[in-house]
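To start, the structure under review is shown below, and the notes come after it.
The values are calculated or read from the model by the stated rules, or taken from the named source; none is laboratory data. These figures come from a predicted structure and were not determined experimentally. Backbone-built Cβ (ideal geometry, glycine too); neighbour counts: all protein chains shown.
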There are 2 protein chains.
Amino acid sequence: MIKKVPIRFDYNNMMADYVGDCQGFTDKDIAAAKAITKKAFEEVKAGRGQGMMGWTELPTNQKEVVSDIIATAKEVRKNFDSFVVLGIGGSALGPMALFQALCHLHHNELPKSKRKAPKFYVEDNVDPERMVALLDVIDPKKTMFNVITKSGSTSETMTQYLIISKILKDALGKDFSSHVIATTSESKGNLIKIAKQEGFKTFFIPDGVGGRFSELCPVGLLPATVLGIDIKAFLAGAKFMDDRCKKPDATKNPALMAALLQFLAMKSGKNISVMMPYADSLKLMADWYCQLWGESLGKAIDLDGNKVFVGQTPVKALGVTDQHSQVQLYTEGPFDKVVTLISVDNYRETVSIPDGCADIPAVNFLCGHTMNELIDAECNATEYALTRSGRLNNRIYLNDVNAFSMGQLMFFFMLQTAYTGAFLHIDTFNQPGVEEGKNATYALLGRAGYEEKAKELNSKKKKTDNYII
Amino acid sequence: MIKKVPIRFDYNNMMADYVGDCQGFTDKDIAAAKAITKKAFEEVKAGRGQGMMGWTELPTNQKEVVSDIIATAKEVRKNFDSFVVLGIGGSALGPMALFQALCHLHHNELPKSKRKAPKFYVEDNVDPERMVALLDVIDPKKTMFNVITKSGSTSETMTQYLIISKILKDALGKDFSSHVIATTSESKGNLIKIAKQEGFKTFFIPDGVGGRFSELCPVGLLPATVLGIDIKAFLAGAKFMDDRCKKPDATKNPALMAALLQFLAMKSGKNISVMMPYADSLKLMADWYCQLWGESLGKAIDLDGNKVFVGQTPVKALGVTDQHSQVQLYTEGPFDKVVTLISVDNYRETVSIPDGCADIPAVNFLCGHTMNELIDAECNATEYALTRSGRLNNRIYLNDVNAFSMGQLMFFFMLQTAYTGAFLHIDTFNQPGVEEGKNATYALLGRAGYEEKAKELNSKKKKTDNYII
């Protein structure tokens, strides 16, 4: 049985009563936004399961898929020493976030007996040094490669696929196909074509699920299950959050309130959103959030075609580490950000600070406490320092870091993003700005059909050496 | 002999001729800033070696220290399987950045024969799960711990020290002291006191060198040498950059020009600085930059005591990875940032993309190229997309990633930061905003002398449950 403990969204320090009148909001502000809040809520509700909002149904519509994933993962765990995801962006960030949250922090360095799952790598770049480094630490013959790309035309992922499949073919001959699982679109694209030709095991990314909203589909579920993560609990956590967010009243719907407050903050000039978990296990969860938030909300035009150039720049930070790097700026710099702290009530370990340095009070006061108390005190202290200096902040409390709470947290952020996009009246689910760079890359590498773009690139004003020092 | 290839700072795309009139600067703008540029230059020049600018002399004043470090590191490499830095902020970010830049990307996973240096860990948090995870993968009896804190009163580092020294004492008795090296202030603080009591080997952080400017002193040099990094080449690179930045004419002084342009950008509303290296090896260099830039320039008051609340929020990104996460926002979102790309002319590996997928043109066009060509094309494409959409960007070219270029790069950023602080007329080298949080932590943990602060914390307005969902 899964213990269903809700995560809590705390926005006290977004409010004028706590953070001060200059920066904070009031109950009146929230009441005044009632109409736009209702509209945002209704739009997201109406969009559920439609178009690119297929992700809203993932917590409940994958029974058969989950069975297939569990059976497949069982075989992978039995037969392979390493599991490598070839993917980038939404195909990489979710798997990495869940891996770090729910596996040992030095998973790959553990001896096999302690690890209980294959070594795990996510290759989300095309740096040649990294590819060589990977091949130094895995044995391809004992490795399962999970190629993840919806379209099968992501240059980075397909480059990795070309390199790895050659190595596998050379090493294994025809048997190479048993070392590749393809996660891709069932209905279109190149990878499904290749998978059929080669006979790969496949999992499908539903049409209505975009990269950054794909963690709850096989993109995230297969790697997680291979790592021994309980995906049923993960999906149950997502559903639990979804149910909590079905209320139209923002004061009772955490994702809707979080979206409204962030929208109001953006309107008052806060163009930066800092995500600062107080747990090493959640460091990459902040990376996943950064894609979700940045790529969904950073848009040049709104739904009516007006140029708006909106978006809030997400920044990842880590507590307490970044207290010694970024908090000086956060408390004394411009009033341009909202800081979201994530704290953990119960870490999975408790470490006591033993006695010592009896003659040094500045050190000895720590003795007798636990690291748990220290990290908790530091989170409270940062919250206090931010609030005292009038900086908007809110806090998410996790009772535990487990599959159920991670399901809640990720679905919370997805819903918050969808609502915020609705407030901003933009298309939350497209990414037209990525195309320009892609096309330029194609042109620069001489891909057929991009001759015009190549001409354009060649005709742009040449850089002057005067501006290179 | 070190091959002295200069890094190049390219600011074409900061200029109106390239990025467009709305956003870019002109030669006129630069000429108009001549007086303030001269002033910033002269201030930094006059401050060299004074007060908290002792770091400017580090490239040349450490001959004896370097010999001691090399001799010590030789012993460590011979006698220990793991090397663990206990430190946070400036005591951690530099060592991590250089480790990642110049060692194997999976260093700790390599077999000992291939690694040629101890396994390496930097513990820069007080998460109890992380401490337990570390102890799962090291054998303390075969581990050297390098405790780094100038004052010896950094709670996080001293907490780790208390825990580790207890473990070492239990395992080794009196011999425990041979497993600890202290890097700290020679003249004051707690750690030097402890080191003398216990008989630790010590290295010293000069008085005029603050945490975020400490990578060129033993803070950075000892871990680097243990890892087999050529610190003489590293320091020579720093000196080489320093010499190039002794010219008062910004068009000939890369750090001064970079500072001026960033200052002008800040004045025109760009409150975000994105650091985006196109190399996995430089990912943590962006983290190091974020502390340097954020903590140095994020200040509430200027040198005359005026409230200014200045600072630019540094954001770390990774090419090409973050093209699939952040570039949508960078090209379509608000005009609120400057993006600095770092590219590498010669990666240390070359990987060809083999032939395949002959019937799929969208994939096959990649074949015959190298990963090196692909990552380079993608960097150019991102630069093109940013510029085309009118987004300020500049680029740093590294011929190679090696100790000499890293010395140049880090010293470039340190000088740029110092100049920018001078433009902003602030104290670049203090961090008063960090104190508030520290004091609150002390109070929360019941440290003697912080009773007043504890009272203040207890008297603050209690949170309401109405604002927690």
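Values as computed for the structure displayed
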read-out	value
Residue A:229 vs. criteria among the β-branched types (Val, Ile, Thr) and either more than 9 Å from chain B (Cβ to nearest Cβ) or crowded, with 18+ Cβ neighbours inside 10 Å (or both)	yes
Scope the stretch A:317-356; condition in contact with a strand residue (DSSP E or B) (Cβ under 9 Å, 6 or more places away or on another chain), more than 7 Å from chain B (Cβ to nearest Cβ), of a type outside the set (Gly, Ala, Ser) and surrounded by fewer than 22 Cβ atoms within 10 Å (Cβ to Cβ); matching residues	A:345, A:346
Residues located in the stretch A:284-307, provided they are over 20 Å from residue B:391 (Cβ atoms) and touching a strand residue (DSSP E or B) at 6+ places or on another chain (Cβ under 7 Å)	A:285, A:286, A:287, A:289
When residues of the stretch B:110-140 are limited to those that are among the small types (Gly, Ala, Ser) and assigned to a helix (DSSP H, G or I), the one surrounded by the fewest Cβ atoms within 10 Å (Cβ to Cβ)	B:113
From A:378, A:383, A:373, residue being touching a residue at least 12 places away in the same chain (Cβ under 8 Å), among the charged types (D, E, K, R) and within 8 Å of chain B (Cβ to nearest Cβ)	A:378
Residue among B:439, B:394 that is assigned to a helix (DSSP H, G or I) and farther than 30 Å from residue B:225 by Cβ	B:439
For residue A:338: the one exception among (1) in contact (Cβ under 8 Å) with a residue 24 or more places away in the chain; (2) touching a Ser or Thr at 6+ places or on another chain (Cβ under 8 Å); (3) closer than 29 Å to residue B:93 by Cα; (4) outside any strand (DSSP E or B)	(4)
Qualifying residue in the stretch B:16-32 (condition: away from chain A (no Cβ under 14 Å) and surrounded by fewer than 15 Cβ atoms within 10 Å (Cβ to Cβ))	yes
Residue list for the stretch B:382-409, restricted to those being touching a Leu at 6+ places or on another chain (Cβ under 6 Å) and basic (Lys, Arg)	B:395
Extreme residue, nearest to residue A:404 (Cα to Cα), among residues of the stretch A:90-109 that are part of a loop (DSSP other than H, G, I, E, B) and at the interface with chain B (Cβ under 7 Å from one of its Cβ atoms)	A:104
Tally of residues being at the interface with chain B (Cβ under 9 Å from one of its Cβ atoms) and surrounded by fewer than 24 Cβ atoms within 10 Å (Cβ to Cβ) across the stretch A:251-266	3
Criterion (assigned by TED's automatic domain parsing to the domain that holds residue B:415 and exposed (fewer than 13 other Cβ atoms within 10 Å of the Cβ)) met by exactly one of B:71, B:35	B:35
The one condition in (1) basic (Lys, Arg); (2) farther than 16 Å from residue B:274 by Cα; (3) touching a residue at least 60 places away in the same chain (Cβ under 8 Å) that residue B:391 fails to fulfil	(2)
Qualifying residue in the stretch B:432-451 (condition: hydrophobic (A, V, I, L, M, F, W, C), touching a Lys or Arg at 6+ places or on another chain (Cβ under 8 Å), under 30 Å from residue A:462 (Cβ atoms) and more than 7 Å from chain A (Cβ to nearest Cβ))	no
Selection within the stretch A:365-399 - touching a strand residue (DSSP E or B) at 6+ places or on another chain (Cβ under 7 Å) and more than 22 Å from residue A:12 (Cα to Cα)	A:370
Residue within the stretch B:141-152 that is assigned to a helix (DSSP H, G or I), in the same structural domain as residue B:222 (by TED's automatic domain parsing) and crowded, with 20+ Cβ neighbours inside 10 Å present	no
Residue that is farthest from residue A:320 (Cα to Cα) [pool: residues in the stretch B:52-95 that are among the hydroxyl-bearing types (Ser, Thr, Tyr) and in contact (Cβ under 8 Å) with a residue 24 or more places away in the chain]	B:60
When residues of the stretch B:280-310 are limited to those that are more than 21 Å from residue B:100 (Cβ to Cβ) and touching a Lys or Arg at 6+ places or on another chain (Cβ under 9 Å), the one surrounded by the most Cβ atoms within 10 Å (Cβ to Cβ)	B:296
Only one of B:366, B:398 that is surrounded by 19 or more Cβ atoms within 10 Å (Cβ to Cβ), among the hydrophobic types (A, V, I, L, M, F, W, C) and facing chain A (nearest Cβ under 9 Å)	B:366
Residues of the stretch A:107-142 satisfying the condition of being more than 23 Å from the chain's Cα centre (by Cα) and among the charged types (D, E, K, R)	A:109, A:112, A:114, A:115, A:116, A:129, A:136, A:139, A:141, A:142
Index of the failed condition, residue B:349 passing every other in (1) assigned to a helix (DSSP H, G or I); (2) of a type in the set (Asp, Glu); (3) free of Cβ contacts under 8 Å to residues at least 40 places away in the same chain; (4) farther than 20 Å from residue A:325 by Cα	(1)
Lone unmet requirement of (1) in contact with an Asp or Glu (Cβ under 9 Å, 6 or more places away or on another chain); (2) under 22 Å from residue A:262 (Cα atoms) for residue A:49	(2)
Residue within the stretch A:175-183 that is out of contact with any Phe, Trp or Tyr (no Cβ under 7 Å at 6 or more places or on another chain) and at the interface with chain B (Cβ under 9 Å from one of its Cβ atoms) present	no
Enumeration of residues in the stretch A:222-247 that are over 14 Å from residue A:56 (Cα atoms) and assigned to a helix (DSSP H, G or I)	A:222, A:223, A:224, A:225, A:226, A:231, A:232, A:233, A:234
Some residue of the stretch B:414-423 being outside any helix (DSSP H, G or I), closer than 30 Å to residue B:99 by Cβ, within 25 Å of the chain's Cα centre (by Cα) and more than 9 Å from every other protein chain (Cβ to nearest Cβ)	no
Single condition residue B:269 does not satisfy, out of (1) assigned to a helix (DSSP H, G or I); (2) more than 9 Å from chain A (Cβ to nearest Cβ); (3) touching a residue at least 40 places away in the same chain (Cβ under 8 Å)	(1)
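Here is a yes/no grid of residues against (1) surrounded by 22 or more Cβ atoms within 10 Å (Cβ to Cβ); (2) under 29 Å from residue B:55 (Cβ atoms); (3) over 25 Å from the mean Cα position of the chain (by Cα):
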residue: B:164; (1), (2), (3): yes, yes, yes
residue: B:169; (1), (2), (3): no, no, yes
residue: B:176; (1), (2), (3): yes, no, yes
residue: B:184; (1), (2), (3): yes, yes, no
residue: B:189; (1), (2), (3): no, yes, no
residue: B:204; (1), (2), (3): no, yes, no
